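Data first, discussion second: the structure below is written as structure tokens.
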Amino acid sequence: MSKLVLGPFNRVEGDLEVSLEVSDGAVHSARVNAPLYRGFEPMLLGKAPLDALAIVPRICGICSVAQSAAAASALAEAMGLIPPPNGRLARNLIQAGENLADHLTHFYLFFMPDFARAAYAAKPWFAETEGRFKAQTGRATAEMLPARAGFMRLQGYLAGKWPHTMALQPGGTTRAVLAAEKIRLYAVLREFRAWLESTLFGDALETVAALDSADALRAWAAGRQADFPRFLALADDLGLQRVGQAGNLFLSVGAYPGSVGSLFPAGVWDGAKGRRAELDTARIVEDLSHAWLAGDAPQAPAQGQTRPLLEKEDAYTWCKAPRYGGQVAEVGALARQLVAGQPLAQDLVRNGQGKSAGGNVTARIVARMLEIAALIPAMENWVQQLAPGEPFCAHGELPDTAVGVGLTEAARGSLGHWLTVKHGAIAGYQIIAPTTWNFSPRDAAGTPGPLEQALVGLPIPKDEAAPVLVQHVVRSFDPCMVCTVH
């Protein structure tokens, strides 16, 4: 048995190292290391609770709005505040704008350039793919970046700036929208829709969102000249629907609340049984057995602590190991779509491995595309529902002693903030980020985290120093390591 260490990875957010044990030309086991400690949780202790709104967005420059939303929700629960309808709609728009931009960035700048690697030079599709998707020089990048920049005007209109906005508050948002500005917001969405329909999908968003099976997806993509169908052709040729299986449990804390329910509901989808269950947050714990952090017994987030301990036997990462009822759970766009009952996502997961259920590389990318197709029409509807002249923010006082939990969905998956306030100051603050779930280490029982499972069995060619299939699997989760080591 030989050992292969890969890292740092380019085109991911933050530092990542993957250690592979290779036997008979395939990955026998994997260990995923988040090697950079940042310590935002201890940094918050003793601060005024509202200071969290300025500090936690700085955890990340890609998903700062999601961090803001989670902090604002935790503070809102501690204060007993419910945002007015306008505040809820504006927060949905701001967060959906960031999540869609993240999906687009991941597809064009992080994931697709791997198909332009020299390892695929003999493929008949390589020349065209390299010309369109090669990192920095591909034509697709030059087309996508202006479209993304135009779409991000939404953040300027609603949040004042991006990243690290202070517009999201416990009671809603600070920026009221005037009647004439609704037209401006709607124009931004229509312009972005037109680009998506012509360049990314080659069809109407509603048609894409309505695809309900792997066969329907295949028939829809056949002969279509757009970037998502191009991905599907490449993935099918390389068999990416058969690699990258993690586990059978998928978790979502829910996203984009409405007056009743949420656009994407909270829940847990059991792939082995093919059914959804209600989410019980009391079953979420963090295992520290293989992290460079003090503590061995699993911790409920509300009681958790973050205390560095470098000299710790069996530890190999700064990442904790979240578990749901003792089980490994995958989070992300695929989990959201499965929990929401999207039939195409469920079909891709059922058929992804043939003989058993589980996520895979193709299903994760398709789920992001389905989310883009579903969110733009939802955002158009939210803009129409805004009521100029009505309140956008509720106000209240924070008690000297309080607790609050803020749960939301970042582009990469479920995000939770657990807040404890004593004597008017933060006495406890714990964060479980999406990549904490997906890139978690082994737990006390020795069970690997999602990525560690997904890498097992991958073939490792002797002539590839950085096997491209490993790159596909890692990036299918779209890691944000700086959020992982908060």
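Data for the structure
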| item | result |
| --- | --- |
| Whichever lysines have a C-alpha closer than 28 Å to that of K134, once near sequence neighbours (fewer than 8 apart) are set aside | K123, K462 |
| Most to least packed among 394-405, 464-475 [average Cβ atoms within 10 Å] | 464-475, 394-405 |
| Relative contact order, percent, the chain [alpha-carbon distance under 8 Å, six or more residues apart] | 26 percent |
| Helix-only [θ]222 nm of the chain, DSSP H runs n ≥ 4, -39500 (n - 2.57) each, per residue, nearest 500 | -11000 deg cm²/dmol |
| Farthest positive-ward along the stretch 2-484 dipole, Cα basis, beta-carbon charges - from G325, T173, N360 | T173 |
| Three-way shape call for the stretch 215-311 based on the alpha-carbon gyration tensor, with the a/c threshold at 1.5 | prolate |
| Net charge over other residues, Cβ less than 10 angstrom from the Cβ of M1 (K, R count +1; D, E count -1) | -1 |
| Radius 11 Å from Cβ of G416, net charge of other residues (Lys, Arg +1; Asp, Glu -1) | -2 |
| Descending principal axes extents, the chain, alpha-carbon based, whole Å | 63, 56, 41 |
| Cβ crowding within 10 Å averaged over residues, with 418-430, 84-96 ranked highest first | 84-96, 418-430 |
| For the stretch 242-270 and the stretch 149-218, distance of Cα centres in Å | 21 Å |
| Separation of alpha-carbon centers, the stretch 33-109 and the stretch 293-325, rounded to whole Å | 23 Å |
| Mean Cβ count within 10 Å, highest first, over the residues of peptides 97-107, 269-279, 10-20 | 97-107, 10-20, 269-279 |
| Proportion of all alpha-carbon pairs of the stretch 1-100 beyond 15 Å (%) | 73 percent |
| Of the DSSP H helices in the chain, those whose Cα atoms cover at least 20 Å axially and whose Kyte score averages 0.5 or more | 64-79, 361-385 |
| Simple Cβ-charge dipole of the chain, Lys/Arg +1 and Asp/Glu -1, about Cα centre, in debye nearest 20 | 520 debye |
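Only the coordinates and a few stated rules stand behind these numbers; no lab work does. Bear in mind the structure is a predicted one, so any value in this text is a computation, not a measurement. Neighbour counts are summed over all protein chains in view; Cβ atoms, including those assigned to glycine, are modelled from backbone coordinates with ideal geometry.
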